[in-house]
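A quick write-up on the structure given underneath.
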Amino acid sequence: MISLFTFTSQSRPAISVLTELELFSIVAREAREAGIDRNDGGRIIAEFLSYLDSRYYTRLPIEERHYRLARDWIGQFTAPIRCFDAIHLAIASPERAVIITSDEGLAKSAEALAVDAVLLRPDI
């Protein structure tokens, strides 16, 4: 793991198209299950899209080499890595990008595969 200080020194955050899809999925699920109001969900999506339109994020594509790397990591049978986590890590690894996550499973997989990651923990 790396420090949050390293993360905050980054000039431009990067996301993959998978990150976009996962955000939409989470917001839609929360709106369906009444975790958030549908209008709030719409505002979250609209704000995210405005960040994309303004090129706030560097957008990393998913390429065949990323799928192969994720497949190879999963096929080692050494770490309990989930499919989408493997793809996220395979996109980040060649770029030497730092994964920022609140998902402990993703952070543990990153550590097992020597991909830099920061685990965000909610204030308790």
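Which of the following residues is touching a residue at least 12 places away in the same chain (Cβ under 8 Å) and touching a strand residue (DSSP E or B) at 6+ places or on another chain (Cβ under 6 Å): Leu69, Leu119, Leu60? Within the list Leu69, Leu119, Leu60, the selection yields Leu60. Residues in region 54-83 that are under 21 Å from Val98 (Cβ atoms) and of a type in the set (Ser, Thr, Tyr): Tyr56, Tyr57, Thr58.
Output yes when any residue across region 59-76 is assigned to a helix (DSSP H, G or I), at pLDDT 90 or above, surrounded by fewer than 18 Cβ atoms within 10 Å (Cβ to Cβ) and polar (S, T, N, Q), and no when none is. So far as region 59-76 goes, no, none of its residues is assigned to a helix (DSSP H, G or I), at pLDDT 90 or above, surrounded by fewer than 18 Cβ atoms within 10 Å (Cβ to Cβ) and polar (S, T, N, Q). Can you find even one residue in region 85-100 that is charged (D, E, K, R) and either surrounded by 16 or more Cβ atoms within 10 Å (Cβ to Cβ) or touching a helix residue (DSSP H, G or I) at 6+ places or on another chain (Cβ under 7 Å) (or both)? Yes, region 85-100 has at least one match. The C-beta contact set for region 80-105 (first residue without any contact (Cβ under 8 Å) to a residue 24 or more places away in the chain and within 18 Å of Arg68 (Cα to Cα), second residue hydroxyl-bearing (Ser, Thr, Tyr) and part of a helix (DSSP H, G or I), distance under 8 angstrom, 6+ apart or interchain) comprises Ala86/Ser109. Candidates are the residues of region 1-41 that are of a type in the set (Ser, Thr, Tyr) and not in a helix (DSSP H, G or I); the one that is modelled with the highest pLDDT is Ser16. Does region 49-58 hold any residues that are loosely packed, with under 12 Cβ neighbours inside 10 Å and in a helix (DSSP H, G or I), and which are they? Residues satisfying the conditions are Ser50, Asp53. Taken together, the criteria place Ala31 among residues that are more than 20 Å from Leu106 (Cβ to Cβ), surrounded by 11 or more Cβ atoms within 10 Å (Cβ to Cβ) and small (Gly, Ala, Ser).
The values are calculated or read from the model by the stated rules, or taken from the named source; none is laboratory data. Everything numeric in this text was worked out from a predicted model, so none of it was measured. We place every Cβ from the backbone using ideal geometry, glycine too, and count neighbours over all the protein chains shown.
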